[in-house]
Structure formats: structure tokens, C-alpha cells
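The values are calculated or read from the model by the stated rules, or taken from the named source; none is laboratory data. Because the structure is a prediction, the values reported are computed rather than measured. Positions of Cβ are generated from backbone atoms using ideal geometry, with glycine treated the same way; all protein chains shown enter the neighbour counts. Protein only, heavy atoms only, side chains kept; ligands, DNA and RNA dropped before computing areas. Shrake-Rupley method; radii C 1.70, N 1.55, O 1.52, S 1.80 Å.
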Amino acid sequence: MPKPQFDVLIIGSGHSGGMAANILTQKGLSCLMLDAGPEVDLAKNRVTKQPWDLPFRGMNKPGRLPHVVQANEFNANQWVDEKEVPYTHDPAKPYNWVRVRFLGGRSLFWGRQSFRMSDWEFKAADIDGGGDNWPISHADLDPFYARTEAILRVSGRKEGKPHFPDGNFLDADYGPDSTTVKKITDIANARGYLVSKIRAANGRNGLASSTNLLLPDAVATGKLQIVPNAIVREITVDKNTGRANGANFVDRHSREELHVKAKVVVLAAGSLESTRLLLNSGLANSSGMLGRYVMDQLYGVQVVASVPEARGGNAPEGMMGGTALLPRFKNLKKGEKNSFIKGYGMLIASGGGPTPGYFKEYGEELQKKLDLHAGACMTASIYGERVPRYENRVTINKAVTDAWGIPVLHVDVKDTQNEYNMAKDAADTAEDMLKSAGWDILSKTDKFHPPGYSIHEVGSCRMGDNPKTSVLNKWNQSHDMKNLFVVDGGCFVTCGWQNSTLTIMALAMRASEYLADQMKSGAI
Amino acid sequence: MRTLAAAPAVPAALVPTALVPAAVISEQAAQAQTPAARPAGAPVANGKRDAVGEPVARFFTQSQLSALRRLSELFMPPMNGNPGALEAHVPEFLDFYVGQSPAEHQHLYRSGLDLLNTRATKQFGKPFASLDAKQADAIIKPMMELVPWEFELPKDPAARFIAAANNEIRTATRNSQEWYAATVAAGRRPVGAQQYFFPVDPIYKG
């Protein structure tokens with residue numbers, strides 16, 4: 001019996017693939033979703049354990065996940081096994097690619113911070129000349145942001161500032177600010193910096209994943225089939241029409257090779273995996289831009305201060321606790337003079353403690369210091385925007401294949417003086433603000449993690465109006481092949497300081513509605 | 001047990017042991033079901049490795065291990081009613097842990113422990129393990145550097161070893177079964193438990 005031809009094949013099931021399935025099935029299109037990983041039952045797959053009840057006392061098997069700083073022995077099985085799906089890089093250019101391969105992808109585990117990008121990012125080239133403008137603005141994405149915020153149930157505080165656009169928020173009860181948060185807020189405000197609050201996706205029942213917010217409705221239409229454990233090797237092309245007509249995939253367990261047919265292919269495998277698939281398929285690269293402009297955010301810079309009145313557990317009630325969020329506050333005005341372009345957001349958390357390395361002590365002397373400052377610390381950390389660079393790219397390394405014989409990515413990404421200068425400015429600014437509150441600096445670093453660490457890797461498949469300088473058009477559609485779409489973070493032109501999920505989802509929603517309309521009108 | 005018994009859809013005995021809280025298991029054991037009442041194949045294991053076994057050192061040389069024992073005692077003595085590193089068998093655990101580690105980490109420890117012995121012999125004419133607290137301090141303190149960012153240890157090998165050992169001795173002590181037991185015995189709430197994520201559908205090996 002012949003197998004079905006679907007209207008749309010969706011590759012990947014995280015927030016972007018889930019959004020595509022949600023929209024396309026509601027529009028009446030038949031969809032097949034393939035995901036490389038197995039399905040997870042979170043209720044069954046997790047159990048509370050004491051660290052001593054794990055083989056390595058909770059300290060992780062040494063060397064198991066060298067690129068995943070976030071890994072510990074409790075969560076080690078969440079991440080993609082680097083031996084199973086390797087990637088390569090020059091040892092002098094480290095890259096931390098942090099991946100999840102389950103149905104739902106990283107949407108099962110994300111941090112849920114949900115900030116809109118603004119025209120300071122969409123039209124960045126007009127402001128600082130770093131990178132290019134997106135072919136869309138905040139106004140184009142605004143209605144899709146609003147609907148995505150409703151799905152995710154984002155709570156936030158409205159500020160009325162165009163560089164930190166407000167959203168369709170649930171009322172958030174942040175409670176009264178602690179006196180330390182008030183103090184640092186006053187200091188920042190006096191410098192002209194906006195101070196706001198975290199904007200977070202509440203989701204439902206403690207989960208804000210594709211698997212509980214997007215896919216169930218799509219399945220309920222009867223128009224979606226989801227096949228896990230299906231690792232796509234390549235997109236296939238009809239020789240007569242020159243258009244994509246499906247994909248070849250490998251069964252994760254048996255390694256049997258199968259082919260599926262579809263009128264349209266939507267890639268949603270995560271920026272770099274979608275790009276890897278296109279490169280391995282030899283598609284969508286007439287511009288030569290596929291794989292270029294890989295970006296993510298600069299994380300790690302940190303300044304820690306101790307509040308004298310709060311030491312020794314003596315903080316009165318209401319002094320410590322809570323956070324202050326400073327949305328990007330540098331280079332907002334054209335022509336502002338700084339040692340770097342673009343900007344960084346800053347989070348200042350009240351109530352933490354120091355780590356042992358802040359003191360040249362050990363044993364009882366060290367413990368006394370740790371106890372003295374426990375709960376009395378203010379910790380500033382940043383979300384920095386990296387500059388898009390043509391040279392920062394991924395290519396296929398034909399010499400290395402994954403466990404299914406698929407050639408892997410070679411990542412060639414490095415930081416430049418702009419990133420180092422931004423980190424230094426952020427550390428100095430944080431130190432200066434914390435000191436002026438009368439607090440003692442315990443630790444300051446302008447060091448930061450290698451690229452990839454933020455798990456916000458975007459770009460490599462960027463959108464634009466010019467087919468010579470971009471891979472996708474402003475509808476996330478390949479310039480080269482009109483029935484091929486990439487709806488994950490690959491399309492980003494700049495990465496912003498903002499966590500990328502909300503923007504990825506809003507773009508996926510917009511692209512999917514366009515695709516459905518185009519299919520309805522017969523244009524595709 | 002009552003709640004489980006009231007849920008006929010999932011017979012209690014079919015719930016895998018690992019998913020059942022320890023308190024439920026002990027209650028289950030206390031009920032002393034007769035073998036005939038238990039479904040065939042029901043799990044019976046009720047012990048925990050670290051509650052019964054002492055780790056045996058196999059990786060470090062005797063002089064390295066002796067230095068590690070002394071260092072562990074100094075870095076994490078018994079404090080505030082909690083066990084110290086020696087009570088928590090940390091040197092023997094680290095012998096295992098470092099023995100499993102990448103070559104770079106193994107070299108860091110071996111050369112670091114050797115360095116402690118070399119300097120002790122040079123300054124005091126005896127191995128590090130035999131130094132009193134003041135003498136040991138004269139060796140350790142000059143080796144220490146501040147670590148403002150926990151993700152990057154000092155480049156100097158001696159300082160790097162001290163920073164790594166301090167972190168790992170402290171963590172292995174606080175994560176030990178002995179630390180947990182002492183916390184429970186003192187009527188305090190144990191910290192450190194987290195959600196462990198099982199391997200999901202591992203690749204079929206045939």
C-alpha cells in the first residue's frame with residue numbers, strides 16, 4: 001500500500017516545530033512531525049535522589065560531557081551524548097554546543113525568561129553599524145508576540161519603553177522590593193538606567209513546553225502524526241520540479257532507512273541542526289551564507305558584593321531577596337560613546353552567598369567566612385549581545401560522522417575585541433553600582449564562557465530581503481526553494497541580549513500562517 | 001501505604017522500587033508480606049551501597065594517598081556537628097573519582113600531592129602527612145590563589161591543584177552518606193537532593 005503524502009513535513013518538535021504544527025493543523029493542513037529523539041514521560045523519568053545515591057556522589061562522571069557546563073550527575077542524561085552526536089572545533093576556538101534530543105527538545109527544560117526583542121535589535125545596523133538590519137521590525141512581529149505570550153502565559157511588569165517592549169502579560173505579583181533591591185534600583189535609576197523585573201513564561205502545571213502547550217491541540221485536530229526516534233539524514237528533491245518532496249530518515253534504534261513524502265518541508269531542528277541538515281542535503285545555499293553569522297549571548301561576567309548589615313545572618317526581614325533586571329542600558333542613543341557596540345542586560349540578585357574561591361582560606365577559617373556572608377550577597381550577572389560576524393560559521397566535517405553515519409558539524413566561532421570590551425564595561429559598571437550602595441566587593445570577573453554556553457545559539461541561516469546576502473526571506477522561506485522553510489532560531493540576523501525562545505516562537509507562528517495562506521492560494 | 005492501596009489502577013507491588021519514596025519502602029518492608037502474597041519478579045533489594053561499603057583506594061601511591069588524607073582533614077575537618085572528610089571516606093572516594101578522570105585531572109592530583117610531599121620534606125624533613133597544622137599551613141597558604149570565577153581555576157599548577165582539591169574535598173564531604181545521616185540524626189532537613197533524570201529509551205543493542 002502506498003504511504004501517504006503529507007501537506008507539510010516538520011522536522012523537530014521543540015518550541016518552533018511545535019508552533020508550526022499547532023498553526024498548520026489548525027489551518028487544516030496534514031502534517032508529519034519527525035524528531036530525532038525519543039519521547040519522555042517526565043513524571044516517570046525523574047525521581048528525587050540524594051547525591052550519595054548516585055555512582056559519583058553527585059559529582060558527575062568525569063569527562064562525560066566536556067562541552068556542557070550545565071551538566072551535573074543528576075541531569076546528565078538530559079543532554080545529547082557528545083560521543084553519539086559529536087561536533088568538531090579547533091581547540092583554540094572552544095564552542096559549547098548544548099543540545100537535547102527528546103520529543104519537545106529543549107522546550108522541556110528552558111529557563112522560561114521571555115523578553116521581546118526591540119528595534120534596537122531588529123534595526124541594529126541603523127544604530128551601530130554592527131551586522132545588518134532584519135527585514136522586519138518589532139511592529140511586524142508585535143501581534144505574533146502577543147499571541148505567543150498568551151500561549152506561554154508570560155507574566156511581566158509593563159514599562160512603556162520602546163527598547164524593552166511591553167507584552168501581553170498576566171499580572172505578575174513580584175511582592176514588595178527588598179531594601180537592597182530598592183537601593184540598587186535607585187542607584188541605577190539615578191544613572192538613567194531602567195530597572196524592571198524578570199518576565200517569565202508560567203506555562204501550565206509547571207511546564208511551558210511544546211509538548212503541553214502546542215502539540216496536544218495539534219494532535220487533537222487529527223491532522224498531525226508525530227514520529228519520534230526518526231533522525232533525518234537529508235531533504236529529498238523532486239528531479240522534475242526541483243522542489244523538496246520529503247526526507248530520508250534513519251530509525252534511531254534499528255538504523256533502517258526510510259523515506260517520507262510531503263509537499264512542503266519545515267525545518268525546526270534547532271539553528272545549527274537545521275543548518276547541518278541543509279548543508280548535508282546541498283540545499284538553500286546559493287548565497288553562500290548558509291552556516292554563517294552564528295551567534296549567541298555572552299554569559300559569565302559576574303560581580304559579587306556583601307551587604308555589611310546582612311552579614312552573620314543578621315539581615316532584618318525585608319532587607320535581602322528578590323532581583324532587579326536592567327534591560328540593555330548602553331548604546332541606546334545613536335552616537336553614544338562606549339568601548340563596544342551593542343549592549344547587555346544585567347540581573348542583580350539579592351540574597352546569595354560566596355563560593356570558596358573568593359577567599360584564601362581553607363577548613364574552619366574558610367567555613368567562617370562562607371557562613372558570615374551566606375545570604376548577605378548581591379550578585380550581578382549579564383546577558384551580553386555578541387556581534388554577528390561573517391567569519392563565525394559552521395561547515396560540514398566529512399571526516400567525522402555521528403552514530404547514524406551522518407556527517408557532523410565543524411564549528412568555527414570566536415570572540416573579538418567587542419566582546420572583551422563589553423565584558424569589561426559590564427564588570428566595571430556592576431562594581432561601580434554595587435560599591436556606591438556601600439557594599440563590599442567580594443569578587444569581580446570580566447571572564448565569560450565560550451560561545452554556545454548560553455544555549456541561545458541563533459543565526460547560520462539568516463533572513464533578509466536580498467537573496468545574495470541571506471538564506472531565508474522575511475517569511476522564513478528559502479530564497480532558493482519556495483516550499484522549504486526554516487522556523488527555528490537559524491533565521492536571526494542579530495542575537496540581541498534577550499533570551500531567544502519568545503522571538504523564535506513568534507517568528508515560527510508568523511511564518512506558519514504565511515505558509516498556510518500561500519498553500520491555500522496555490523502559490524506553493 | 002493506604003494511598004497506594006486505594007489506587008487500584010497501579011498495584012503497589014508493581015511500582016518500581018526506585019520510584020517509591022524511602023519511607024514507603026520501609027513501611028512496605030514492615031508489613032512483611034509473605035512470599036506468596038508478592039507477585040513474582042517484584043523487587044527485593046533494600047540496601048544502599050554507601051550505607052554498607054567503604055571505598056578502597058587503588059589509584060594513588062601510598063605516599064600520595066597519605067598526603068591526600070592529611071589535606072582532606074585540613075580542608076574539611078568535622079564542623080558544626082557534621083562529619084569531616086575523613087569520616088566521609090573522601091580520600092578513598094577521590095582515589096576512585098580521580099582514577100576515572102581524564103588524564104589532565106589525574107596528573108593535576110598526582111603532581112599536586114607529590115609537590116606537597118616534596119615541599120614538606122624540604123622545609124620540615126618529613127612527608128606532608130606528618131606535618132602539624134601550622135607546618136601544613138606554611139606549605140598550603142603560599143600555594144593558594146583567589147578564584148574570582150569558579151569556572152576557571154588558576155593557571156599555576158600548584159594553585160590549580162589546591163583550588164580543585166578544596167572544591168572536590170568539600171563537595172564530596174557534603175554529598176556523602178555520612179553527612180546526610182548526620183543531618184537527619186540532628187533533626188535537620190537534608191539538602192542536596194535533586195531530581196535525577198533516568199536515561200530515556202537507550203539505543204537498542206539487539
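Within the group A:Gly105, A:Gly37, which residue is open to solvent by less than 30 Å² (accessible area, probe 1.4 Å), over 27 Å from B:Glu54 (Cα atoms) and within 12 Å of chain B (Cβ to nearest Cβ)? Even if it seems obvious, please write down each step before you answer.
Details: A:Gly105 fails: within 12 Å of chain B (Cβ to nearest Cβ).
Residue meeting the stated conditions: A:Gly37.
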Please go through (1) touching a strand residue (DSSP E or B) at 6+ places or on another chain (Cβ under 6 Å); (2) open to solvent by 10 Å² or more (accessible area, probe 1.4 Å) for A:Ile455 and return the number of the only condition it doesn't satisfy.
(1)
Taking segment A:62-76 as the search range and keeping residues that are over 13 Å from B:Phe197 (Cα atoms) and either in contact with a helix residue (DSSP H, G or I) (Cβ under 7 Å, 6 or more places away or on another chain) or not in a loop (DSSP other than H, G, I, E, B) (or both), which one is farthest from the other protein chains (Cβ to nearest Cβ)?
A:Leu65
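Would you mind stating whether A:Val303 is open to solvent by less than 20 Å² (accessible area, probe 1.4 Å) and within 14 Å of chain B (Cβ to nearest Cβ)? Don't jump to the end; show me each part of the working.
Details: open to solvent by less than 20 Å² (accessible area, probe 1.4 Å): yes; within 14 Å of chain B (Cβ to nearest Cβ): yes.
So A:Val303 fits the description; yes.
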Residues of segment A:308-358 classified as open to solvent by 10 Å² or more (accessible area, probe 1.4 Å) and closer than 30 Å to B:Asn166 by Cα, total
20
Any idea which of (1) within 14 Å of chain B (Cβ to nearest Cβ); (2) closer than 20 Å to A:Tyr420 by Cα; (3) buried (at least 24 other Cβ atoms within 10 Å of the Cβ) is the one A:Val294 doesn't satisfy?
(1)
Answer yes or no: is there a residue in segment A:13-34 that is modelled with pLDDT of 95 or more, touching a strand residue (DSSP E or B) at 6+ places or on another chain (Cβ under 8 Å), surrounded by fewer than 17 Cβ atoms within 10 Å (Cβ to Cβ) and not aliphatic (A, V, I, L, M).
no
Segment A:478-504 residues that are surrounded by fewer than 24 Cβ atoms within 10 Å (Cβ to Cβ), paired with ones that are part of a loop (DSSP other than H, G, I, E, B) and among the hydroxyl-bearing types (Ser, Thr, Tyr) (beta carbon under 6 Å, 6 or more apart):
A:Asp480/A:Ser286
Condition check: more than 12 Å from every other protein chain (Cβ to nearest Cβ) and touching a helix residue (DSSP H, G or I) at 6+ places or on another chain (Cβ under 7 Å). Does B:Gly125 satisfy that?
no
Out of contact with any strand residue (DSSP E or B) (no Cβ under 8 Å at 6 or more places or on another chain) and not charged (D, E, K, R) - does that describe any residue in segment A:291-309?
no
In segment B:138-174, what residues are more than 9 Å from chain A (Cβ to nearest Cβ), open to solvent by 40 Å² or more (accessible area, probe 1.4 Å) and part of a helix (DSSP H, G or I)?
B:Ala138, B:Pro142, B:Pro157, B:Arg160
Residues (at pLDDT below 95, buried (at least 18 other Cβ atoms within 10 Å of the Cβ) and of a type outside the set (A, V, I, L, M, F, W, C)) located in segment A:110-131:
A:Asp128, A:Gly130, A:Gly131
Single condition A:Ala139 does not satisfy, out of (1) surrounded by 18 or more Cβ atoms within 10 Å (Cβ to Cβ); (2) farther than 30 Å from A:Asn205 by Cβ; (3) of a type in the set (Gly, Ala, Ser):
(1)
Mind counting the residues in segment A:142-177 that are acidic (Asp, Glu) and buried (at least 20 other Cβ atoms within 10 Å of the Cβ)?
1
Going through segment A:178-192 in order, the residues found to be in contact with a helix residue (DSSP H, G or I) (Cβ under 8 Å, 6 or more places away or on another chain) and either free of Cβ contacts under 8 Å to residues at least 24 places away in the same chain or open to solvent by 70 Å² or more (accessible area, probe 1.4 Å) (or both) are A:Arg191
Condition met for B:Leu86 (part of a helix (DSSP H, G or I), modelled with pLDDT of 95 or more and open to solvent by less than 80 Å² (accessible area, probe 1.4 Å))
no
How do the pairs read when you match residues in segment A:373-401 that are under 26 Å from A:Lys83 (Cβ atoms) and of a type in the set (A, V, I, L, M) with residues anywhere that are open to solvent by 40 Å² or more (accessible area, probe 1.4 Å) and part of a strand (DSSP E or B), using Cβ under 8 Å and keeping only pairs 6 or more apart or on different chains?
A:Val394/A:His410; A:Val394/A:Asp412; A:Ile396/A:His410
Considering only segment B:175-197, state which residues are at the interface with chain A (Cβ under 9 Å from one of its Cβ atoms) and either open to solvent by less than 20 Å² (accessible area, probe 1.4 Å) or in contact (Cβ under 8 Å) with a residue 60 or more places away in the chain (or both).
B:Ser176, B:Gln177, B:Glu178, B:Trp179, B:Phe197
Single match in A:Lys444, A:Lys369, A:Lys414 (criterion: open to solvent by 30 Å² or more (accessible area, probe 1.4 Å) and part of a helix (DSSP H, G or I))
A:Lys369
